[in-house]
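The values are calculated or read from the model by the stated rules, or taken from the named source; none is laboratory data. If you're wondering where the values come from, they're calculated on a predicted model, not measured in any experiment. Cβ sites come from the backbone with ideal geometry, for glycine too, and all protein chains shown count toward neighbours.
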Amino acid sequence: MRPFCEGGNGKSLKAMIQGHETLKAELSDLRTAYNTNLRALAQQQIDWDTERSCLQEDNEQKIKALIEAKKHAEGTATKLRGEKEAMQVRMEGMGNKNNALKDELQVLKQQHDANLEELNNVQESLTTVRSFLVPLRALDETGRVTIHDGFADLFQSAMDLCQSALYHDVSDKNMAGSSFQSHALPLPASNSPAAKQMRVVAGLAACGKALDRHLFRDSFLTQSHELDEKLHLLATTDRLHHAYVRAALAKVLPAAQTQGQNRGAELAINEVMTAIGRWARDERALRSGLENICNKALKCWALAWQV
């Protein structure tokens with residue numbers, strides 16, 4: 001074997017054996033590397049599969065989310081289109097309503113202008129009518145007190161005048177006259193205190209009757225009392241109409257009204273003088289006092305008449 005081994009064939013065989021061992025070692029290394037690479041490849045495949053699964057699942061979730069988002073967007077778009085259409089319809093309706101309101105406003109403006117013109121005409125007419133009337137006022141507490149105090153002062157003045165003019169002794173001649181018997185009040189033919197006071201009362205009665213007949217009138221345009229009677233009848237049926245008629249009459253012929261008042265005062269004085277003048281202590285003083293009474297009566301009546 002030794003010669004074989006030392007020979008060329010032996011060396012070749014030895015070299016082949018060594019090469020075989022080397023190849024086996026290399027093969028073993030290759031197998032080890034292959035297994036290592038195979039395991040690495042398998043792990044990598046597993047990792048890839050895992051990553052692919054994750055990516056696929058993530059993509060599926062994203063796709064689902066996109067689909068849901070698309071559906072939601074489509075629903076929102078549909079809703080918005082519906083709202084837009086409804087809003088357009090509403091805007092068209094509002095536009096029509098706005099046009100109708102404009103037309104109505106124009107009509108109202110025309111009516112307002114017409115009413116304003118009519119009001120101006122009425123105000124002008126009312127101003128004209130008021131120029132024919134004496135202003136009347138409502139009777140408030142102040143006016144009531146003023147009128148009451150005025151008539152109370154008038155009564156007291158008449159009382160004082162009759163007291164000073166009539167509370168005295170009357171001659172038998174005057175007591176025997178027909179005036180005592182024909183007077184409305186029963187006057188005793190004596191000069192007792194009671195009889196004197198009765199003459200004072202009779203004087204007051206005559207004064208009151210004369211003032212009522214000749215000065216406390218609704219109008220002084222006529223001397224007769226026919227107009228007063230008609231106005232009194234109107235006052236009992238329509239007080240407001242009566243007030244306006246009085247207010248109108250008071251503006252008519254003011255000079256004639258003043259003359260009527262003066263004439264009424266003269267008639268009242270003459271009537272009182274005829275009734276009680278012969279009993280007076282001083283007929284001139286009585287007439288002068290009656291003139292003052294008539295002036296006061298006219299002032300009081302003017303206050304009461306304007307209510």
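Among the residues of the range 150-189, the ones that are within 16 Å of ALA202 (Cβ to Cβ), in a helix (DSSP H, G or I) and at pLDDT below 85 come to 7 in all.
Results for (1) outside any helix (DSSP H, G or I); (2) among the β-branched types (Val, Ile, Thr); (3) modelled with pLDDT of 85 or more; (4) exposed (fewer than 11 other Cβ atoms within 10 Å of the Cβ), shown as yes or no for each residue.
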| position | (1), (2), (3), (4) |
| --- | --- |
| GLU21 | no, no, no, yes |
| ARG31 | no, no, no, no |
| LEU41 | no, no, no, no |
| GLN106 | no, no, yes, yes |
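Counting the residues of the range 202-225 that are of a type outside the set (Lys, Arg), in a helix (DSSP H, G or I) and under 23 Å from PRO254 (Cβ atoms) gives 2.
Return the residue satisfying two criteria in turn: it lies in the range 234-264 and is among the aliphatic types (A, V, I, L, M) and touching a His at 6+ places or on another chain (Cβ under 9 Å), and of such residues it is nearest to ASN295 (Cα to Cα).
First, pick out the residues of the range 234-264 that are among the aliphatic types (A, V, I, L, M): 234-235, 240, 243, 245, 247-250, 252-253, 255-256.
If we keep only those that are touching a His at 6+ places or on another chain (Cβ under 9 Å) too, we end up with 234-235.
Details: LEU234: 28, ALA235: 26 Å.
In this case the residue turns out to be ALA235.
Checking each residue in the range 266-290 for being part of a helix (DSSP H, G or I), within 11 Å of ALA165 (Cβ to Cβ) and small (Gly, Ala, Ser) picks out GLY277, ALA285, SER288, GLY289. Being surrounded by 10 or more Cβ atoms within 10 Å (Cβ to Cβ) and at pLDDT 85 or above is a property that ASP140 lacks.
Cβ-Cβ under 7 Å, sequence separation 6+ or interchain: first residue in the range 91-110 and without any contact (Cβ under 8 Å) to a residue 40 or more places away in the chain and among the small types (Gly, Ala, Ser), partner assigned to a helix (DSSP H, G or I) and surrounded by fewer than 10 Cβ atoms within 10 Å (Cβ to Cβ). Which pairs? Within 7 Å, no pair qualifies.
Among the residues of the range 246-261, those identified as at pLDDT below 75, assigned to a helix (DSSP H, G or I) and surrounded by 16 or more Cβ atoms within 10 Å (Cβ to Cβ) are ARG246, ALA247, LEU249.
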